[in-house]
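Heads up, the thing below is written out as structure tokens.
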Amino acid sequence: MAWGGRPPPAGSAEPHARTAWPRRADGYVDGRTARGGLLTSARPAPTGLASGARRVLTDNWTGSSTVPAPGLYPHQWSWDSAFIAIGSRHISPRRAQRELETLFAAQWGDGRIPHIVFNPAVPPAAYFPGPGFWRSSTAGAAAGAPRGVETSGIVQPPVHALAALLVHRADPRSSARHGFLARAYPRLAAWHRYLTGARDLGGGGLVAVVHPWEPGMDNSPCWDAPLARVEPAPPGTFRRADLDHGAASDRPTDLDYGRYVRLAADYRDGGYADGGAGPAFVVEDPGVNALLIASEHALAEIAALVGTDASVHRDRAARLTAALVDRLWDPSAGLFLCRDVLGGGPIRELSAAGLLPLLVPGLPHGIAAALVRTARGAHFGLGHQTRLVPSYDLLGPAFDAARYWRGPAWFNVNWLLERGLRQHGQAAPADALRAAALETAVASGFAEYVDPYTGEARGTRGFSWTAALALDLAVAAGQSV
């Protein structure tokens, strides 16, 4: 049954020249060209899914990259572009390549890929904090910030190597013709070196984040305790442009925003350096590290494809996996917990980030089984109370079904969990999650996020990664897009 008593969208054929791509041995589907007789027949996508998702991605395309949403997020975001490329490869593999190449062109000399690449054509007041706040080309000069483009100085989760590999698989001939992987590999390798080197701030072999925006789950309750140590910037010193495009009840509070601004300003004023006295917020996040491990495995495959030694990436993935289990796994909670490096211990809040290590190949079987039980149990309710995994513990004291990352369900998180479930042999719950995500994407108007109980759209509509990942799930389900 659909959420909120709504019937599921009717299925009808949507004619298009392409049909579904063949299924790989691991259960996933990759785009292919028609050469060699590789195309297969397909079930039709739900009415409105293919056309609606394509329209969103077309409307949000700037000519070189895709904005998450034109009003609320009018620039290029790092992990958004990775997810967008994963979906848009089914429309145009070359456009998906360009999506990532535009992002990689803004990489800093120290290897970091910034979380925002600013479009100079967008009015400065359209987004805060904008380029005038970050001042990357001057404040980040010592860290190798590019001179020709303005960016933020923080990062987002490293899903890019996985995205690059999937984009390559969509059309290997186009990828080879344009030298896509050959150009991407050194960028990705430098990015991973930065994370595993400069960002091992806890000394235990894991990547640490220095701002709540870096793990992508901006106002998660996991950050409440470490953020409480941060003196917020005074309210009159900044203006929140996000409230012009979204309900205040859906967005982070002014107090949280003041702390975000303070942390970002202090990091900027320190030249975006990760050493020395260091930032006031340092957290090891299981989601960030799980995505890095998955991307290290992808980077090993990319290295082999470009004729480079892949063992460094396989070895690093193994070390990261061991450190992830050793430092962040909590058997009593049945999931991975964030660690407050400065506070010296685990953060005992249950977040969807703690389920994302399902993505990790070779995760111990007992841990993977426990993560599945936790996802389907009372705290996340998958398949019972909820059809998409909420971003935060349903039973947690800070749960809010409407407010950003404090409870709503997000499509990128559920795409990652669907992949993780399937990787660990959980085909039935993965199929159910995929079906629920497809239905909800259409019913919500490709919303940024939704109420995990009712599926009611929250945040902005026409959100790019929702549209892109819906396309990817539809193709994986054998539907024509």
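The values are calculated or read from the model by the stated rules, or taken from the named source; none is laboratory data. Small disclaimer: the values here were computed from a predicted structure and weren't measured. Backbone-built Cβ (ideal geometry, glycine too); neighbour counts: all protein chains shown. Areas reflect the complete protein model, heavy atoms only, side chains present, ligands, DNA and RNA absent. Shrake-Rupley method; radii C 1.70, N 1.55, O 1.52, S 1.80 Å.
Okay, residues lined up against (1) at pLDDT below 95; (2) assigned to a strand (DSSP E or B); (3) open to solvent by 30 Å² or more (accessible area, probe 1.4 Å); (4) out of contact with any Cys (no Cβ under 8 Å at 6 or more places or on another chain):
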{"position": "G258", "(1), (2), (3), (4)": "yes, no, no, yes"}
{"position": "G278", "(1), (2), (3), (4)": "yes, no, yes, yes"}
{"position": "R314", "(1), (2), (3), (4)": "no, no, yes, yes"}
{"position": "A318", "(1), (2), (3), (4)": "no, no, yes, yes"}
{"position": "V325", "(1), (2), (3), (4)": "no, no, yes, yes"}
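So, in segment 430-454, exactly how many residues are open to solvent by less than 20 Å² (accessible area, probe 1.4 Å) and assigned to a helix (DSSP H, G or I)?
Total meeting the criteria: 7.
Looking at V155, V149, which one is of a type in the set (A, V, I, L, M, F, W, C) and under 16 Å from D80 (Cβ atoms)? Give the derivation first.
Working: V149 fails: under 16 Å from D80 (Cβ atoms).
Among V155, V149, only V155 is of a type in the set (A, V, I, L, M, F, W, C) and under 16 Å from D80 (Cβ atoms).
Scan (1) within 22 Å of the chain's Cα centre (by Cα); (2) over 18 Å from A304 (Cβ atoms); (3) surrounded by 24 or more Cβ atoms within 10 Å (Cβ to Cβ) for the single condition A164 breaks and write down its number.
(2)
Which of the residues that make up segment 285-312 are open to solvent by 10 Å² or more (accessible area, probe 1.4 Å) and acidic (D, E)?
E301, D309
Taking interchain pairs and intrachain pairs at least six residues apart, which have beta carbon atoms under 7 angstrom, with the first residue in segment 136-156 and surrounded by fewer than 16 Cβ atoms within 10 Å (Cβ to Cβ) and the second among the aliphatic types (A, V, I, L, M)?
Every condition considered, the pairs that remain are S137/A145.
Can you name every residue in segment 374-412 that is in a loop (DSSP other than H, G, I, E, B) and under 20 Å from W465 (Cβ atoms)? Don't jump to the end; show me each part of the working.
Of the residues in segment 374-412, the ones in a loop (DSSP other than H, G, I, E, B) are 377-381, 383-385, 387-389, 391, 393-408.
Those that are in a loop (DSSP other than H, G, I, E, B) and under 20 Å from W465 (Cβ atoms): R387, L388, V389, S391, A402, R403, Y404, W405, R406, G407, P408.
Residues of segment 413-429 being touching a residue at least 12 places away in the same chain (Cβ under 8 Å) and in a loop (DSSP other than H, G, I, E, B), which ones? Talk me through it step by step, then tell me what you get.
Restricting attention to segment 413-429, the residues satisfying the condition of being touching a residue at least 12 places away in the same chain (Cβ under 8 Å) are 413-424, 426-427, 429.
If the condition is that a residue be touching a residue at least 12 places away in the same chain (Cβ under 8 Å) and in a loop (DSSP other than H, G, I, E, B), then H424, Q426 are the ones that fit.
Would you mention how many residues in segment 455-464 are of a type outside the set (D, E) and open to solvent by 10 Å² or more (accessible area, probe 1.4 Å)?
So the first thing to find is which residues in segment 455-464 are of a type outside the set (D, E), and the list is 455, 457-464.
Narrowing further to those that are open to solvent by 10 Å² or more (accessible area, probe 1.4 Å): 457-462.
Result for segment 455-464: 6.
Condition first: open to solvent by less than 10 Å² (accessible area, probe 1.4 Å) and either within 15 Å of N60 (Cβ to Cβ) or of a type in the set (D, E) (or both). Now tell me which residues in segment 87-102 satisfy that.
G87, S88, A96, E99
Residues to consider are S174, S136; find the one that is in contact with a Ser or Thr (Cβ under 6 Å, 6 or more places away or on another chain) and either aliphatic (A, V, I, L, M) or farther than 18 Å from D80 by Cα (or both). Quick ask: steps written out before the conclusion?
Values: S174 fails: in contact with a Ser or Thr (Cβ under 6 Å, 6 or more places away or on another chain).
Answer to the check: S136.
Hey, E231 hits all of (1) without any contact (Cβ under 8 Å) to a residue 60 or more places away in the chain; (2) surrounded by 18 or more Cβ atoms within 10 Å (Cβ to Cβ) but one; which does it fall short on?
(2)
List the helices (runs of 4 or more DSSP H) that sit entirely inside segment 68-145 and contain at least 2 residues that are among the β-branched types (V, I, T).
Details: elements: 78-88, 93-104, 131-134, 136-139.
Fully inside segment 68-145 and qualifying: 78-88.
Considering only segment 307-335, state which residues are in contact with a helix residue (DSSP H, G or I) (Cβ under 6 Å, 6 or more places away or on another chain), over 19 Å from C222 (Cα atoms), in contact (Cβ under 8 Å) with a residue 12 or more places away in the chain and not charged (D, E, K, R).
H313, A317, L320, T321
Quick one: which of A398, A368 is open to solvent by less than 10 Å² (accessible area, probe 1.4 Å), modelled with pLDDT of 95 or more and touching a helix residue (DSSP H, G or I) at 6+ places or on another chain (Cβ under 8 Å)? Spell out the reasoning first.
Numbers: A398 fails: open to solvent by less than 10 Å² (accessible area, probe 1.4 Å).
None of the others qualify; the one that does is A368.
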